[in-house]
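Encoded as C-alpha cells, the structure appears first; notes follow it.
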Amino acid sequence: MSAHVQRKFLSRPARRDAGGHVAEGRVMDLNGRAAVVAGGAGGLGGATVRRLVELGVGVVVLDPDTARAGALAAQLGPAVTAVAGDSTDDDAVGAAIAAAQALGVFSIAVSATGVVIRSPRLVDRDGSVMPKEVLRANLDLHVLGPFNLARLAASAFAANEPDEDGQRGVIVQTASISAFDGQATMVPYAAAKGAIVGMLLPMARDLAPIGVRVCAIAPGAIATPRLSDPRVQRLLIEDVLFPKRLGRPEEYALLAETIIRNPHLNGEVIRLDGGTRLSDGNGARH
Ligand SMILES: NC(=O)c1ccc[n+]([C@@H]2O[C@H](COP(=O)([O-])OP(=O)(O)OC[C@H]3O[C@@H](n4cnc5c(N)ncnc54)[C@H](O)[C@@H]3O)[C@@H](O)[C@H]2O)c1
C-alpha cells in the first residue's frame, strides 16, 4: 500500500521503518486539535470529553447544565472549557466554537444532547390523542440542536488547513436504535432519531467538497443517569443479545474516537447495542 493511502487524518508525519514503509498503527495523533461536545456534561458526552482530553484534544463542553459542565471542567483542568448554552441557539454555538478555537485547531464536533421527553401513545386506550407539541419538542431537542451544531461547526472547519487527504474536520451525531426499531410510546423520539439517520448521508455529501466527514452512532441502552432505575435496566437488558448488560459510556466514547480517527468512516450510522433488537414495547414496560 502506498504511503499516501496510509496517511491518517489529524496525524503526525508517519513513522517509517528501515525500508521506508509506513509503520501501521503509529501515525494517529489528535494533539493540538480542539472539539465542541454538545451535551458534554451528560453520560455519553461526558465519557467522550474525558477520552478526547486523554488523547490531547482541547474540549469545549456546550451544555445548559452549568453545574455538571463546570464540575467536569474543574476536574479535567485547562484542556476543558465549559460554555453554558443550548445547541439550538446560534449565539451559544458561536461562543462554544470561539472557545474551541482558543484551545486548538477546532476540527471535531460531537452532539450527544438530550433529555427524556416522556410521550404517550399516539392514541391511548382511553381515547386520548398525543398532542402535536410532543413531536415538536422532540424535533427541537434531538434534531434542531445537532443540525445547528453541524452546520456552524462545518462552516468553521472550512477555514482549516486541509490535511493530506483534504480533510478539515469531522462531525459525530448521536442517533438511537429507536430510529430503526422504535417501541410503543416512542413515536416522537423515534421520528427525531430517524431524522438524524435520514440527514446523515446528504449531510456527508454536502460537506465532502469542503473535506468534512459526518457519522452517527446509534446506541442501544447505555448506562447513563437517564437509565438509573434498576427495573428499567432489567427490562432493557432482556432485549440485548450479547453481552447481556447495558452498554458503558466509555464504549460510546471509544466508537466516537474511532470515527474521529479513521478517515475512511463517512456517511454511516453505526449501531452500538450488543446485537439488541428492541421488542414492540407493548409488554411490561408500558
Ligand atoms: N443513554 C442511552 O441509553 C442512549 C441510548 C440511545 C440514544 N441516546 C442518545 O444519546 C444522547 C445523550 O444521552 P445521555 O444518556 O448521555 O443523556 P444525558 O441526559 O446523560 O446527557 C444529555 C446532556 O445533554 C444536555 N443537553 C440537553 N439539551 C441540550 C442542548 N440543546 N444543547 C446542549 N446540551 C443539551 C443535558 O443537559 C445533558 O447534560 C441523547 O441524544 C440520547 O437520546 C442515549
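The residue list 182, 211 contains one member that is farther than 30 Å from residue 131 by Cα and over 14 Å from the mean Cα position of the chain (by Cα), which is 211. Does residue 43 fit the bill of being near the ligand (Cβ under 10 Å from one of its atoms) and at positive phi? Criteria not met by residue 43. Do we find a residue being closer than 20 Å to residue 147 by Cα and either touching a residue at least 24 places away in the same chain (Cβ under 8 Å) or within 12 Å of the ligand (Cβ to nearest atom) (or both) anywhere in region 218-237? Yes: region 218-237 contains one or more residues that are closer than 20 Å to residue 147 by Cα and either touching a residue at least 24 places away in the same chain (Cβ under 8 Å) or within 12 Å of the ligand (Cβ to nearest atom) (or both). One residue alone among 240, 214 is surrounded by 20 or more Cβ atoms within 10 Å (Cβ to Cβ) and either of a type in the set (Asp, Glu) or under 26 Å from residue 117 (Cβ atoms) (or both), and that residue is 214. Sub-7 Å Cβ pairs linking a first residue in region 259-286 that is farther than 19 Å from residue 201 by Cβ to a second residue that is modelled with pLDDT of 95 or more and loosely packed, with under 14 Cβ neighbours inside 10 Å, at least 6 apart or interchain, are 274/241; 274/242; 274/243; 275/241; 275/242; 276/241, ordered by first then second residue. For region 214-257, the set of residues classified as among the β-branched types (Val, Ile, Thr), over 22 Å from the mean Cα position of the chain (by Cα) and at pLDDT 95 or above consists of 237 only. Scanning region 27-34 for residues that are away from the ligand (no atom under 14 Å from the Cβ) and among the polar types (S, T, N, Q) turns up at least one hit.
To keep it simple, each residue is scored yes or no on (1) of a type in the set (A, V, I, L, M, F, W, C); (2) buried (at least 19 other Cβ atoms within 10 Å of the Cβ); (3) on the phi < 0 side of the Ramachandran plot; (4) touching an Asp or Glu at 6+ places or on another chain (Cβ under 8 Å).
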{"position": "218", "(1), (2), (3), (4)": "yes, yes, yes, yes"}
{"position": "226", "(1), (2), (3), (4)": "no, no, yes, no"}
{"position": "231", "(1), (2), (3), (4)": "no, no, yes, no"}
{"position": "248", "(1), (2), (3), (4)": "no, no, yes, no"}
{"position": "256", "(1), (2), (3), (4)": "yes, yes, yes, no"}
{"position": "260", "(1), (2), (3), (4)": "yes, yes, yes, no"}
{"position": "275", "(1), (2), (3), (4)": "no, no, no, no"}
{"position": "283", "(1), (2), (3), (4)": "no, no, yes, no"}
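When 183, 167 are checked against the criterion of being closer than 25 Å to residue 274 by Cβ and assigned to a loop (DSSP other than H, G, I, E, B), 183 stands alone in meeting it.
The values are calculated or read from the model by the stated rules, or taken from the named source; none is laboratory data. This structure is a prediction, so every number in the text was calculated from the model and none was measured. Don't worry about glycine lacking a Cβ; one is built from the backbone with ideal geometry, like all the others, and counts go over all protein chains shown.
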